[in-house]
Amino acid sequence: FRSCTPSGNPLTSKGSSYVLVTGAGGFVGGTIARALIQRGVKVIAHVRSFESAHSLECETIEGDLSSVSTFANFPKRALDIVHAAANSGRNGESYRQLRQDNVVATRNLLAFAEGQRHARIINISSVSVHGAIQESVLDHSTRIQRPASYGRTKHAAETLLSESKSVASISLRLPGILGVGVHEHWIGSLVARATRNDAIPYYNSIAPFNNVVHVSDLANFTYRLLEMQAWPNTGAFPLASRDPISILNTVQIIRDALGSKSTLISLGERPPCFTIDDSHARKHYGYHSSTTRDAITRFTLEVGRGSDLQAHQN
C-alpha cells in the first residue's frame, strides 16, 4: 500500500483509531474519505487500482475485495470501516459479477473485520434492496419484494453483516445521490437536459418527491456515526432529504436554477411513486439532511458551474 501521515485530530470517541473506507476510488467512497480527512480523521483508503485514487491524502490500499489475497495487505489497525465499494450494474454486468463484487467482497471484508477488536461497519447500501415498492411511503420496515439483480446482491450483503455476532453494522439504504460526478440517475438526467435547453418530459406532476440525498449530507452523517461510542441498535434503514416537494416543482427548480429555456412536458401519471420516511435515522442516530429543494438546487448549481468552467476552458 501507499502511505502518508494525515494531520489533524482523530475521532474524539475512538482515541487514535483509523477508519478504513472501501471504494474510495469511486464517487461516494472518495467523497466520504475526503470529508473524513478534512475533519482530521486517520483514513485508510481502499481503491480497486491506484489510478482511481485521485490524490487521496492518506494511506491507500489497492486490490479486488472479492479476492481473499487482497486482505493480506490490509493493516490491522482499522477499528471502523465504511464499506462504499460496490458494483451497481449500470454497465450491464452479469448477476454473477454483481454477486462477486457485492456479496463475496462483503463476506471477505466481514471476515477481515471479525479478526479485529471492536470493529464496526457502516455499509453503503441502496433502496434498491426493496425491489417492487407498492407502498406510498418507504421506511425501515418496508418489506422486500422481488428486487432486481443489484438489489438482490445488496440485500444479501446486508444479511451477511446483520448475522455477524462480533461486528456491529449499519446499512444505509440510499436513494439517488446528488453531487458533482454523478449523473446516471433521474435528477442528473434532468439537469443534463436543462443544461442543453432540451425539452424535459416528466410523470406524476403533483406527486411528492424526496428520494435524494446530497453526498455532503451523507458524509456528515457518516462522521456522526463514527463519532458515536455505541450505536443504539444495528440494522438497515433508508436516508432521504427533508420536506418533499412535487415532481413538477422539482423540474421547475432545476430549469430555473440554470436559467434554462427547456420546455416542460407532462406525460401524465405512471404509478407507483413513493416518498421516503427516514425518521428512524433521525430519531435514533441524529441524522440531519438538507431539504429536498436545497439539495436539488445545490446539485444543479454545482453541475452548472462545472459546465460553465469546462466551456470556458475549451
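Our analysis of segment 161-262 gives Rg over Rh at 1.10, with the two radii drawn from alpha carbon positions and Rh computed by the Kirkwood formula.
When the alpha carbon coordinates of segment 38-140 are projected onto the principal axes, the ranges are 44, 29, 29 Å, largest first.
As a test of the formula, what do you get for the chain when each DSSP H run with n ≥ 4 contributes -39,500 (n - 2.57) and the sum is divided by the residue count, at 222 nm and rounded to the nearest 500 deg cm²/dmol?
Mean residue ellipticity, 222 nm, calculated: -10500 deg cm²/dmol.
Computed on segment 18-58, the Cα convex hull volume stands at 52 Å³ per residue.
Rolling a 1.4 Å probe across the protein heavy atoms gives segment 224-263 an accessible surface of 45 Å² per residue.
Over segment 44-172, accessible surface divided per residue gives 46 Å², non-protein components excluded, 1.4 Å probe. Give me D for segment 246-289 in µm² s⁻¹, whole number, from Stokes-Einstein with Rh from the Kirkwood sum over alpha-carbon pairs, 10 °C and 1.306 mPa s. For these conditions, the coefficient is 118 µm²/s. For segment 163-314, the carbon plus sulfur part of the accessible surface works out to 50%, probe radius 1.4 Å. The P(r) of segment 95-223 has a tail past 18 Å containing 64 percent of all C-alpha pairs.
With both residues required to sit in the chain, DSSP beta bridges show an antiparallel share near 5%. Rounded to a whole number, what is D in µm²/s for segment 172-228 from Stokes-Einstein with the Kirkwood radius over alpha-carbon pairs (25 °C, 0.890 mPa s)? The calculation lands on 184 µm²/s.
The average projected area of segment 218-314, computed from the convex hull of its Cα atoms over all directions, is 9.2 nm². Whats the longest run of the chain with zero GluC sites (Glu not before Pro) that are DSSP loop and have at most 11 other Cβ atoms within 10 Å? The segment 1-162 is the longest one with no such site.
The values are calculated or read from the model by the stated rules, or taken from the named source; none is laboratory data. The structure displayed is predicted, hence computed values, not measured ones. Cβ sites come from the backbone with ideal geometry, for glycine too, and all protein chains shown count toward neighbours. Surface areas here come from the heavy atoms of the whole protein model, side chains and all, with no ligands, DNA or RNA. Shrake-Rupley method; radii C 1.70, N 1.55, O 1.52, S 1.80 Å.
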